[in-house]
Amino acid sequence: MTAAGTISQASALASDWPGNFWLHLLVFALIILAFVILTVIILIWLERRLLGRIQVRPGPNRAGPFGLLQPIADVVKILTKEDTVPGWGDRLVFWLAPLVAFVPVLLVFAVVPFWNGALLADLNIGILYVLAVSSVASVGIFMTGWASGNKYSLIGAMRDIAQLISYEIPMMLSLAAVVLVAGSLSLNEIVAAQDVPYILLQPMGFTIFFIAALAEANRTPFDLVEADSEIVAGFNIEYSGMKFAILYLMEYSEVVFIAAIATSLFLGGWRGPFLPPFLWFVIKMFAVFFVLIWIRGTLPRLRIDQVMAFAWKFLLPLALINLVVTGAQVVFWPQAPYWSLVPINVTLLAALLLLWARFFRLGGSRVGI
Amino acid sequence: MQALSFDEIAGLISAKYAPEMVAPSQGSLVVGGEHLLEVASYLRGTPELDFDYLISVTAVDYRGHFEIVYHLTSLQHSHSLVLKVRCPQDKPVMPSVVSLWRGADLQEREVFDLMGVSFAGHPNLKRLFLWDGFKGYPLRKDYSSGT
Amino acid sequence: MEVGRERIYSAAELDAHEGALIEALRASSQQPVTDPDEWLQKELQRNVLVTSVDAVLNWSRRSSLWPVICFPACCAFEFIGASASRFDMSRFGMDILRGSPRQADLLITAGTLTWKMAPQVRRLYDQMAEPKWVIAMGACGITGGIFRDSYSVVPGYNRIVPVDVYVPGCPPRPEALLNGIEMLRQKINARSISTEGE
Amino acid sequence: MALKTEPFVLNIGPLHPSTHGVFRLLATLDGEVVIDIEPIIGYLHRGIEKLAEEREYQKDIPLCDRLDYVAAMSHSMAYVMAVEKLLGISVPERAEYIRVIMVELQRIASHLLAVGSIANEIGTFFTPFMYMFRERERILDLFDMVCGQRLLYNYMRFGGVSHDLPEEFIPALAKFINQMPGYIDEYDQLLAENEILLVRTKGIGVLPPELAINCSVSGPTLRASGVARDIRRCDPYSIYDRFEFDIPTRTAGDCYDRYRQRIEEMRQSLRIIRQAVEQLPQGKVNSQVPIRVRPPQGDVFVHVEAPRGELGFYLVSDGSEKPYRFHIRAPSLINLTPLREMIIGWKLADAIVIFGSIDIIMGEIDR
């Protein structure tokens, strides 16, 4: 395998750009905030337009050209709406919960490279940091569910915790395989090591990561947390005004976070020919968004026990096998050329998926009362 | 496996029960209230009759007495039958047929709610459509909403 | 399974409570709730700051009216028809149908209201966060329509909640509903923060 | 070690995204498992039976339309058939054919809605629903063409229909029935073998045939359990004995079968419409019946196969111009009887799907 660093270090941004440590932090904090909010706004617009397209209708097109200002209108409206607090809820927790849910998602972007070296902090334990911090958001979601004092939101919050605990493990294992291949935990170095995007070298890792990430961000078919048809609006049922805006932002920034991590770890991050690296990063992110919206527009929702069974009985064994196979490849065949590894791994993915799908049946039976 | 005409059914019934218990009249069987369960279980349990499907239960207020109307049919033989049971206005209590046909459950509650006929032996007899504290039974002929 | 609880209400008690609520509401809402609209004609004391803030606020509010789910009867299907592919209410930013009243702005009362349902609708309205609007859709929503004489029907939603726009029809066609929404948007446009809360 | 849990009561409805109107389900949950339910209805009780007894026969037709507002044609047809039986009048041939075409179109429209909402309750973000509505709009257009209304038609009259078909109707209908099989295949392609839809519906909420019969369940819900009871076949009314069509049944009686059953019935309805259009005779569409009818004394029970099941009208006439008793045997209400047995033991998410797969309309339940 190629060690990190085939990209010349010269093209990398200095770690204290634009010149000063504190200035660097400040500038990147602002860039991340702006980037996340802007992407979320575009994402909301894109989602509503694309869902419209999928559902044979135009979608929002009156606010601004092509309805581009629609998310802005939503934001202004939500922010100026009355802020209600349920009388029977836990006021302090109710107030804190949206922040606890939103801030960790924002923190994750500190280690996401937009460009070679263009990141807030090039932690050498980047992936570990991502996994650790992103899970904290679920604490916030649970706090919303608890503080609302509403049974629907409590059910939603419980579902979120169960889902998070289950899907964290296959996700971690699939990322571990990437780390094995790249030989580094730093996201920037992993991107730099991807002469071939890891989606080809690690097809199974990508599949598992993508499914697990869908579950972590509570997207269809794992959107049990706010299952409209079952528990109305789920964890955020009692929220309105500014707090709801933050929760709404949180949901979509989780999507941005998935897309950013998937782009960096599997799609070659900022690398690509001709176009500037930042643009490549954004283009790949939007490709991931497109798939996410497509899934949302087409797939039904799983049931909670099926979601759990899928994580533990399907994804976890596959993730373990993937880790073992990748480990063996790295140890015993370190100089393997890409052209041989890619077909082998893709075949392996197809074979294992088919095989496992034969053994594994979702279902779940009636409970005797 | 053959459909019986109304006269044949009426013949079977009158062979078994006395005319004051069951009497055929104008295409329907008129049953005395206290014998309803007995007759109904005979209708349901006898293989050549086999009325296993209760289409509808309803009540009519004839100013003076209520008439509860049961429409029965047999999926096997595909013949059907109308049972009519009278009950006096001052004591509107009927035996419930829920033990024979579960399908009567909600319909008897509906009759209880709107007509004020109660069914003895119904597992969960309470108002179905209207709320607790609603005065009167709207489908009775003497009901006036007062507005 | 034994967990100490202060009190568990029996089903009969719950029913009696519900019945009492309904009777109380019925007794207290014999007159329509008025929705004053003189302010629509009033010339406002406007200045540059207020008008530009108003412009942005009103634009955002009218472009993003999220309806709450309140689908008692027939009109619901014309409402769904209006939001489905052909008439597509989402063009006006109304594609997010909130199940939770806290996040919704618009109550479209699609169907007959009965006294048994009235406390729930009142509660739904109370739970919505300000600013909020109500469109009474259909003849039943306006006066009780064909069911007005019934013993259990509320003659119009305006007995329970203040109504902003009435859309007649039994049921109104989706085009009529869209027209009603357009009227509501004009009404929102006439609002000003300097008069809010009056 | 068993975890100590406490059951709690969740009040689903009356206004909930998937209660099809104002239905309230008082569910006792143990975690996610439903251990007890109590359906509470009556939130749309408009007193139609009482209103109908206070009005003349003719004025009750619009009330019947508003019973089941997604199958208004079927309901007004059943009512006018009951009054015609009381009056002892016959209906012109052409009117019978028109009625059959309308009622079968209505069945397709209603089943489209039912299938769409089942998919919606499983959690597809409105997409199948929107597709079903696309075709439903075309049917509504056809109705619009005939009687100027999209939802509640007031088209049936005693002794026929209110007026003849417009000229452009038959070509538009022919176009529709030629295209519709393709659309149904499209739904099959999109939904029938979707892995998630299968695991969410197969084996869920099984209604055994014995229980279904005992509970007087009718319509597609009954036939999905394997009981081939269809009023159009077992007690033919109107001119249904002239058409060739099958009564599709399924065997398992689970949510998946109830969904497939409706798809199959749409195909059969198309078959009937096609034959009816071919055989459609010329002639008048209304026999001269006075506006104020006074049927002779007596009672009559007429039942038809409405989209949701066996719809019955029990009318008692005392010889005056108003019905003395006007009772509706509402299929949706009676189909709810076995709800408790079907839901208990399943998860909350299943409960919603099971409830949706019965396909109820509150207007008809509460009346």
- In debye, nearest 20, what is the charge dipole magnitude of the range A:83-359 about its Cα centre with +1 on Lys and Arg Cβ and -1 on Asp and Glu Cβ, if you could check? 420 debye
- Message: Helix C:174-189 against the longest principal axis of chain C: what's the angle in degrees, Cα atoms only, rounded to the nearest 10?
- Response: 70 degrees
- Using the charge dipole of the range A:83-359 (Lys, Arg: +1 at Cβ; Asp, Glu: -1 at Cβ; taken about the Cα centre), state which of A:Ala311, A:Ala262, A:Val191 has its Cα farthest towards the positive end. A:Ala311
- Task: Quickly work out the D:Met145-to-C:Tyr9 label distance, labels modelled 7 Å from Cα along the C-beta direction, and quote it in nm with one decimal.
- Result: 5.4 nm
- Item | Inverse of mean 1/r across different Cα pairs in the protein assembly as shown, Kirkwood, Å | 31.6 Å
- Return the sequence-ordered ³J(HN,Hα) values of the range C:137-152 in whole Hz as given by the Karplus equation 6.51 cos²θ - 1.76 cosθ + 1.60 applied to θ = phi - 60°, using x for Gly and Pro. 9, x, 4, 5, x, 8, 10, x, x, 5, 9, 4, 6, 6, 6, 10
- Under 5 Å between amide H atoms, partner at least 5 residues away or on a different chain: which partners does A:Leu302 have, H built in plane at 1.01 Å? A:Asp223
- Lys, Arg +1 and Asp, Glu -1 on Cβ, resulting dipole of the range B:27-147 about Cα centre, debye, nearest 20: 360 debye
- Counting only GluC sites (Glu not before Pro) that are in a DSSP loop and have at most 16 other C-beta atoms within 10 Å, tell me the longest site-free stretch of chain B. B:49-147
- Helix B:36-45 sits off the longest principal axis of the Cα atoms of chain B, rounded to the nearest 10 on a 0 to 90 degree scale, by 40 degrees
- Quick one: compute a quarter of the convex hull surface over the Cα atoms of chain D and quote it in nm². 18.5 nm²
- Kindly state, to the nearest 0.05, the FRET efficiency for A:Leu99 paired with D:Ala172, given R0 = 51 Å and r defined as their beta-carbon distance. 0.30
- Taking a label point 7 Å from the Cα of D:Glu186 along Cα-to-Cβ, the residues of the range C:48-84 whose backbone nitrogen sits under 17 Å from it are C:84
- Message: To make sure I understand the rule: partners must be lysines, Cα under 22 Å from the Cα of A:Lys313, and not fewer than 8 residues away in the same chain. Which ones qualify?
- Response: D:Lys202, D:Lys347
- A:Asn20/A:Ile321 FRET efficiency (R0 41 Å; Cβ-Cβ; nearest 0.05): 0.30
- With every protein chain present, what accessible area does A:Phe278 have (1.4 Å probe, heavy atoms only), rounded to the nearest 10 Å²? 80 Å²
- Task: Report, to the nearest 10°, how far helix C:118-127 tilts away from the longest principal axis of the Cα atoms in chain C, using its own Cα long axis and a range of 0 to 90°.
- Result: 50 degrees
- B:Lys91 to B:Ser5: extension gain in nm, 0.36 nm per residue of separation minus the Cα-Cα distance? 27.5 nm
- Item | A:Leu99 accessible area, 1.4 Å probe, all protein chains in place, Å² to nearest 10 | 70 Å²
- chain C: relative contact order in percent, alpha carbon pairs under 8 Å with at least 6 residues between: 24 percent
- 222 nm mean residue ellipticity, helices alone, for the protein assembly as shown (DSSP H n ≥ 4; -39,500 (n - 2.57); rounded to 500): -15500 deg cm²/dmol
- Item | Mean separation of Cα contacts under 8 Å, 6 or more apart, over the residue count of chain B: relative contact order % | 19 percent
- Can you tell which of A:Val111, A:Trp294, A:Val324 lies farthest toward the positive end of the dipole of the range A:83-359, using +1 and -1 charges on the Cβ of basic and acidic side chains (Lys, Arg; Asp, Glu)? A:Val324
- Task: Check each residue of the range A:201-240 and keep those whose accessible area, probe 1.4 Å, is at least 20 Å² smaller with all protein chains in place than in the chain alone; give them in order of residue number.
- Result: A:Asp228, A:Ser229, A:Glu230, A:Val232, A:Ala233, A:Ile237, A:Glu238, A:Ser240
- Within the set C:Lys116/D:Lys50; D:Lys85/D:Lys175; B:Lys135/D:Lys50; A:Lys243/C:Lys132; B:Lys126/D:Lys59, which residue pairs have Cα atoms separated by over 26 Å? D:Lys85/D:Lys175; B:Lys126/D:Lys59
- Message: So if I place +1 on the C-beta of Lys and Arg and -1 on the C-beta of Asp and Glu, and nothing else carries charge, what would the dipole magnitude of chain D be about its Cα centre? I want it in debye, nearest 20.
- Response: 540 debye
- Item | Partners for D:Lys4 among aspartates and glutamates (Cα-Cα distance below 17 Å; same-chain residues under 8 apart left out) | C:Glu2, D:Asp30, D:Glu32
- Query: At A:Phe66 and C:Ala16, where each label point lies 7 Å from the Cα along Cα→Cβ, what is the point-to-point distance in nanometres?
  - Reply: 6.4 nm
- Under the Kirkwood approximation applied to all pairs of distinct alpha-carbon atoms, what is the hydrodynamic radius of chain A in Å? 21.7 Å
- Whole-number percent relative contact order across the range A:160-230, with pairs defined as alpha carbons under 8 Å at least 6 apart: 40 percent
- Query: How big is the Cα convex hull of the range A:243-314 in projection, averaged over all directions, in nm²?
  - Reply: 6.9 nm²
- Apply 1/(1 + (r/R0)^6) to the Cβ-Cβ distance of B:Ala120 and D:Ser90, taking R0 = 25 Å, and write down the FRET efficiency to the nearest 0.05. 0.05
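The values are calculated or read from the model by the stated rules, or taken from the named source; none is laboratory data. Because the structure is predicted, anything quoted here is derived from the model rather than measured. Methodologically, a virtual Cβ is constructed for each residue, glycine included, from the backbone with ideal geometry; neighbour enumeration extends over all protein chains shown. Quick note on the areas: whole protein, heavy atoms, side chains included, nothing else; ligands and nucleic acids left out. Shrake-Rupley method; radii C 1.70, N 1.55, O 1.52, S 1.80 Å.
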